[in-house]
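In what follows, a single structure is set out as structure tokens and then discussed.
What follows draws every value from the coordinates through simple rules; no lab data is involved. Here the structure is a predicted model, which means the values were calculated and not measured. Cβ sites come from the backbone with ideal geometry, for glycine too, and all protein chains shown count toward neighbours.
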Amino acid sequence: MLLMLGPDLRRDAMRRARVAEDEIRQLLRLGGIGDRADVGCVVLERTGQISVVRAGIDESLLVDVLRTPR
């Protein structure tokens with residue numbers, strides 16, 4: 001589930017996943033992201049872990065996430 005796409009938070013998805021904005025900010029900092037423009041996406045994985053993906057990643061790695069309903 002996409003929680004953030006580019007610099008934009010997906011608040012509906014965050015609400016469904018029960019993830020707060022401060023959790024996202026913390027993950028961005030831990031991931032070394034200093035500017036929201038550097039974010040490709042933030043993904044809630046099927047395992048429950050949250051992945052922070054930098055902008056510019058090969059989109060073939062995100063096929064299963066990007067084809068789900070937004």
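Hey, could you get me the Stokes-Einstein D for the chain, Kirkwood radius over alpha-carbon pairs, 25 °C and 0.890 mPa s, rounded to whole µm² s⁻¹?
204
For the range 20-61, which trypsin sites (Lys or Arg not before Pro) are both in a DSSP coil and crowded by at most 14 other Cβ atoms within 10 Å? Walk me through the numbers before you get to the answer.
Numbers: sites: 25, 29, 36, 46, 54; in loops: 46.
Here the trypsin sites (Lys or Arg not before Pro) that fit, given the DSSP loop and packing criteria, are 46.
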